[in-house]
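Structure record follows, encoded as structure tokens.
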Amino acid sequence: MDEPKPLDSLFKEKLFRIPDYQRGYAWGREQLADFWEDLVNLPDGRSHYTGVLTLKEVPNRNVDEDAKEFWLIDDHSYKLYHIVDGQQRLTTFTLFLQAFIELLRGLPENEGLADNAIYLTDTLSIAAVESKFLFDVKPAGKAFRTYKFGYTVDNPSYEYMRFRILGESGGGTVFETFYTLNLSNGKRYFKEQLRAWHEEEGIGGLKNLYRTLTKRFLFNEYIIKDEFDVFVAFETMNNRGKTLSDLELLKNRLIYLTTLYTDAELDHAERKDLRDLINDAWKEVYFQLGRNKSKPLNDDDFLRAHWMMYFKFSRQTGRDYIKFLLEEQFTPQRVHRKVVQPVELEEAEEQTSEADLDTEEDNGLEELEASEPVMVAELRPSDIRDYVKSLKASSVHWFRTFYPDMSDELPQKETEWIQRLNRLGMTYFRPLLMAILKNIDDSRERVRVFKEIERFVFVVFRLTQTRSNYRSSEFSNAVRAIDRGDTDVAELKERLRSRMSFTFTDEGHFATDDFYLLLQKKFENDQGYYGWTGLRYFLYEYELSLLSNSRQKKLDWTDLLKTPKDKVSIEHIYPQTASAGWKPAFKGIRKREREAYRNSLGNLLLLSSAINSSLQNDPFKEKRKPKCNRDGTKLRNGYADGSHSEIEVSHSEDWGPDEIRERGIRLLKFMEKRWGIRFADDAALEELLFIDTLVDGDSDKGEADEGDSQ
């Protein structure tokens with residue numbers, strides 16, 4: 001390996017490309033900050049060792065004459081290299097340099113000037129910087145840019161880098177992923193840092209940064225020889241701060257395997273077609289996983305869910321799925337290991353007596369023609385093709401399980417029920433939803449099974465203390481059965497119902513013991529229903545039930561998620577710290593009973609927006625109407641113009657024990673209707689409210705009435 005080289009030496013007569021088996025740009029704020037700090041804090045006279053840049057030279061004969069790189073290779077002695085390791089650092093350098101040039105171009109003194117008239121030093125224009133590090137323009141014929149660094153054309157980030165980062169015109173609609181978001185964020189990060197640096201240090205400070213980066217950031221350049229296995233090398237290398245995801249490793253492995261088949265097993269056209277299929281599949285997968293750029297989906301979660309559906313379910317945790325994929329299923333050994341094509345042979349029928357041997361009839365043996373055994377790879381190209389197709393198709397449905405509202409193809413009913421499951425929490429059912437969306441064509445059937453899953457999760461996991469992995473193996477194995485057509489939704493629905501039968505008595509009533517014990521612990525800890533994990537979902541479903549007869553939606557689920565403490569969107573109508581104005585409504589109620597009323601179901605209200613904490617303790621009559629300051633400016637809405645649940649509560653003239661009990665019973669009856677359960681009788685309902693009827697005018701000794709200490 002040669003001595004470390006600065007960037008301005010590395011870029012001499014070289015074109016760098018990130019090949020199709022590489023991931024996109026993965027650096028985030030932490031790595032960008034490290035890069036910036038290394039740059040600005042490097043002492044004078046010192047160099048910064050950046051790492052090894054591992055390259056694989058692309059022979060000139062492999063560069064098509066119609067490729068944009070060909071003119072520089074043919075006429076200017078350039079060499080084309082694929083980056084095996086170091087792409088994150090070189091991409092960061094390119095983002096920095098483009099941000100640097102755009103900052104110089106935008107300075108007031110440079111307004112309206114061409115790039116060749118804007119100078120960083122007395123002799124160095126930004127056009128020269130572009131030509132050295134970013135791109136050259138072929139002047140003859142139809143002019144076009146040839147980039148010094150970039151992606152191969154089959155990489156999902158290829159067009160985004162050209163048109164959105166490097167400013168080439170004519171991009172039109174450009175494909176975006178989580179990785180392109182990282183590119184955009186990287187460029188934005190450096191533009192802001194450079195802007196502040198220029199304000200502080202002036203043009204001289206910018207010159208120093210440029211010199212430091214291009215002359216004092218050093219790489220060891222290592223070029224892989226032809227006989228070296230570039231794909232194996234890629235699997236063993238990590239980039240600074242960002243290891244390869246399992247999905248990225250798998251893509252590299254599959255492309256590598258396509259190179260191992262003989263021409264008889266996979267001719268040149270078939271090999272290219274399979275490689276294109278892999279690239280196209282990963283392009284779709286990365287698009288789906290990064291489609292919601294603000295909340296991208298995890299690569300490895302998807303890969304594990306698909307593995308469960310396509311191969312097998314394992315109760316083991318960790319990285320069992322990728323060990324199977326890389327160490328058992330998609331291995332070079334399975335391509336190299338050949339197996340004999342199975343041939344059916346006629347079995348000889350054993351004679352049963354000496355007399356049978358003396359007959360001239362057919363003795364049951366059939367003479368087979370001799371032939372050479374047919375040798376095939378144990379892992380066939382068709383196996384890779386089928387797996388990749390399934391992975392691609394599944395990524396679309398995986399995304400839909402998270403963001404059904406962003407999937408135009410889904411009917412409204414399906415969207416609503418998947419949203420419900422996301423609000424409730426899918427536990428271990430998300431891979432099953434993916435399999436149902438992928439394999440069940442009838443939308444009505446899909447909705448029916450989504451309803452059953454939602455009911456199962458709510459009743460089994462929210463109303464009882466059932467362990468979170470109850471029946472997880474069974475329904476996780478159902479993922480593969482649905483994908484293979486070994487079961488249908490009718491059987492799945494029946495199984496969901498039968499597996500929750502333990503929550504009902506022989507008479508068909510909901511067995512309240514577990515729910516009661518769960519709530520009892522909450523009330524003992526002064527939380528009551530307020531500490532129940534199913535509360536937000538339950539109250540939101542009640543809000544939606546009131547919406548069914550209204551034209552206007554008053555509250556969205558996202559309103560409950562705007563603050564780190566989601567509970568701020570649920571209010572105790574009778575407050576935890578009540579003002580003196582509440583005293584008449586609870587006169588004669590003992591302190592411990594008042595606490596029970598506070599945390600009982602009927603006293604908890606879903607708000608359309610967070611209420612100012614200084615107003616939460618106001619008497620009920622003041623809460624019913626808007627609160628304004630002296631100049632008439634509204635400080636908060638009242639219940640009367642809030643959510644549908646608030647409006648319903650505002651119809652009460654006062655708020656005390658009777659109203660809390662009445663609303664609690666109404667909410668529990670809604671629970672019965674909504675989730676298809678029946679409580680045994682009215683006494684069972686009363687018991688679940690955890691409130692007593694002690695209104696005898698007496699209070700416990702030493703316990704103050706409400707408001708006495710206020």
Picking from R29, R23, R46, the residue that is within 17 Å of P6 (Cα to Cα) and either in the same structural domain as E176 (by TED's automatic domain parsing) or of a type in the set (G, A, S) (or both) would be R46
Checking I440, I418 in turn, the sole residue that is farther than 22 Å from G534 by Cα, outside the structural domain of G534 (by TED's automatic domain parsing) and in contact with a helix residue (DSSP H, G or I) (Cβ under 6 Å, 6 or more places away or on another chain) turns out to be I440
Pairs returned, first residue in the stretch 9-28 that is under 22 Å from L274 (Cβ atoms), second residue that is aliphatic (A, V, I, L, M) and surrounded by fewer than 23 Cβ atoms within 10 Å (Cβ to Cβ), beta-carbon separation under 6 angstrom, 6 or more apart or interchain, are I18/I83; Y21/I255
Filtering the stretch 250-266 for residues that are without any contact (Cβ under 8 Å) to a residue 12 or more places away in the chain and assigned to a helix (DSSP H, G or I) leaves a count of 0
Considering the stretch 288-331, residues that are of a type in the set (S, T, N, Q) and more than 15 Å from S245 (Cα to Cα), and then whichever is surrounded by the most Cβ atoms within 10 Å (Cβ to Cβ), we arrive at Q288
Within the stretch 154-198, of all residues that are aliphatic (A, V, I, L, M) and surrounded by 15 or more Cβ atoms within 10 Å (Cβ to Cβ), the one modelled with the lowest pLDDT is L181
- Task: State whether one or more residues within the stretch 438-454 are among the basic types (K, R), within 25 Å of the chain's Cα centre (by Cα) and either farther than 20 Å from A305 by Cα or part of a loop (DSSP other than H, G, I, E, B) (or both).
- Result: yes
Of all helices (runs of 4 or more DSSP H) fully inside the stretch 56-174, the set with 3 or more residues that are within 28 Å of L39 (Cβ to Cβ) and assigned by TED's automatic domain parsing to the domain that holds G202 is 87-106, 126-129
Being in a helix (DSSP H, G or I), modelled with pLDDT under 85 and surrounded by fewer than 17 Cβ atoms within 10 Å (Cβ to Cβ) narrows K553, K567 down to just K567
Residue pairs within 6 Å by beta carbon, gap of at least six or interchain, first lying in the stretch 91-116 and more than 18 Å from F11 (Cα to Cα), second not hydrophobic (A, V, I, L, M, F, W, C) and not in a helix (DSSP H, G or I), listed first then second, are N116/S125
Restricting attention to the stretch 1-36, the residues that are surrounded by 11 or more Cβ atoms within 10 Å (Cβ to Cβ), assigned to a helix (DSSP H, G or I) and among the acidic types (D, E) number exactly 2
The condition of being touching a residue at least 60 places away in the same chain (Cβ under 8 Å), buried (at least 20 other Cβ atoms within 10 Å of the Cβ) and within 27 Å of Y540 (Cβ to Cβ) holds, among F475, F429, F458, F504, only for F458
For the stretch 582-603 the number of residues that are out of contact with any helix residue (DSSP H, G or I) (no Cβ under 6 Å at 6 or more places or on another chain) and of a type outside the set (D, E) is 12
Of those in the stretch 265-287 that are modelled with pLDDT of 90 or more and of a type in the set (A, V, I, L, M, F, W, C), the residue surrounded by the fewest Cβ atoms within 10 Å (Cβ to Cβ) is A269
Expected output for the stretch 601-628 (first residue at pLDDT 75 or above, partner outside any loop (DSSP other than H, G, I, E, B) and of a type in the set (V, I, T), Cβ below 8 Å, 6+ apart or cross-chain) is G602/I660; G602/I665; N603/I660; L604/I570; L605/I570; L605/V649; L606/I570; L607/I570
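The values are calculated or read from the model by the stated rules, or taken from the named source; none is laboratory data. Quick caveat, the model's predicted, so the values are computed rather than measured. Neighbour counts run over all protein chains shown; Cβ positions are idealised from the backbone, glycine included.
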